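Below is one structure, written out as structure tokens; the observations come after it.
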Amino acid sequence: MSCKTLADGIHHFTCFPSFVRAGFSSREFPRARYEDFLTGLSLKMDDLVMVEQVHGREIFIAEVPTRGRMEVEADGLVTDRVGLVLGIRTADCVPIFFSSERTKSIGMVHGGRKGIRAAIIPQVIQTMRDLYRVDPSELVVAIGPCIRQCCYEVGEEILDGFSGFYRSANRGKAHLDLVGKVGAELVESGVDSNRIYDCKICTACSNDSFYSYRKEQGTSERILNVISLVG
């Protein structure tokens with residue numbers, strides 16, 4: 001398995017190298033308990049780096065912690081600094097985790113519909129190539145909990161750029177497969193399909209355990225997804 005549940009609903013990816021710690025929170029950890037979640041992963045709130053997510057394609061190069069403060073507008077983060085904890089908040093959008101064992105670098109992406117259409121995935125991979133000399137084929141990538149095609153109904157008028165990744169429904173609606181699109185873009189960018197791991201959790205189907213903006217009609221709470229290079 002690529003992911004396992006630790007005590008108290010803390011979810012930890014096992015597909016990454018031993019010097020990478022990555023995971024995501026559940027409903028047991030609302031915003032007020034983010035520090036408890038990080039402690040459960042043996043990480044520190046003081047080392048957390050977060051950005052103001054705007055559904056775009058900007059990538060922030062993390063060099064110092066922000067302790068959760070969000071001032072820079074971006075939807076991706078990368079670093080090669082040991083100890084920093086990259087954090088992305090989601091409640092249906094796709095959290096995507098990146099790691100290169102050879103270069104000891106990591107990245108995270110908030111993959112919403114707009115950001116994926118704007119090519120944030122190729123952008124973060126290119127950034128890791130430029131900064132850390134990463135070969136995309138050596139990346140290990142994980143996909144966290146998000147809304148899946150079974151539950152993601154949208155209007156057909158917003159499907160430009162997603163050809164082949166939706167199925168039509170009634171009344172001009174369609175079910176969009178964001179995870180399928182993410183996987184295809186990763187492979188097109190040079191990532192080995194055998195090195196892509198998916199937790200397969202739908203936030204809407206599993207709303208008893210995870211926050212879902214759609215299912216809860218606009219909840220302000222978010223899953224915290226994190227990745228860190230540990231010593």
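Observations
- The label-point distance for Thr14 and Glu216, in a model that sets each label 7 Å from Cα toward Cβ, rounds to 2.8 nm.
- Under 5 Å between amide hydrogens, built in the peptide plane, is the criterion, and for Ser105 it picks out Ser100 among residues at least 5 positions away or on other chains.
- Peptides 156-163, 172-179 ranked from most to least packed by the mean count of surrounding Cβ atoms within 10 Å: 172-179, 156-163.
- Within straight-line reach of Lys4, meaning a Cα separation under 26 Å, sit the following lysines at least 8 residues removed in sequence or on another chain: Lys44, Lys104, Lys181, Lys200, Lys215.
- Rounded to the nearest 500, the 222 nm mean residue ellipticity of the chain from helices alone is -4500 deg cm²/dmol, with -39,500 (n - 2.57) taken per DSSP H run of at least 4 residues.
- Contact order for the range 1-59, expressed relative to its length and based on alpha carbon pairs under 8 Å spaced 6+ residues apart, stands at 22 percent.
- Here the calculated FRET efficiency for Val54 and Cys150, from their Cβ-Cβ distance with R0 = 22 Å, stands at 0.20, rounded to the nearest 0.05.
- FRET efficiency for the Lys200 to Val64 pair, using the beta carbon distance and R₀ = 41 Å, is estimated at 0.75.
- Difference of contour (0.36 nm per residue) and Cα-Cα distance, Arg27 to Val72: 13.5 nm
- Kirkwood-Stokes translational diffusion coefficient of the chain, alpha-carbon pairs, 10 °C, 1.306 mPa s, µm²/s: 91 µm²/s
- Approximate spin-label separation Asn170-Arg117, in nm, with each point projected 7 Å along Cα-to-Cβ: 2.6 nm
- Euclidean distance between Cα centres, the range 115-141 to the range 159-231, Å: 18 Å
- For the range 20-33, putting each phi into the Karplus relation 6.51 cos²θ - 1.76 cosθ + 1.60 with θ = phi - 60° gives couplings of 10, 10, 9, x, 8, 8, 10, 4, 5, 10, x, 3, 5, 10 Hz, in residue order, rounded to whole numbers and with x for Gly and Pro.
- Global form of the range 3-109, assessed from the alpha-carbon gyration tensor, a/c cut-off 1.5: rounded
- Treating each Cα of the range 112-231 as an identical point scatterer and summing with the Debye formula, the log10 of I(q)/I(0) at q = 0.13 Å⁻¹ comes to -0.60.
- Ordered by the count of other Cβ atoms within 10 Å of each Cβ, fewest first, His12, His110 give His12, His110.
Only the coordinates and a few stated rules stand behind these numbers; no lab work does. These numbers were taken from a predicted model, which means no experiment stands behind them. Every residue, glycine among them, receives a Cβ derived from its backbone with ideal geometry; neighbour counts consider all protein chains shown.
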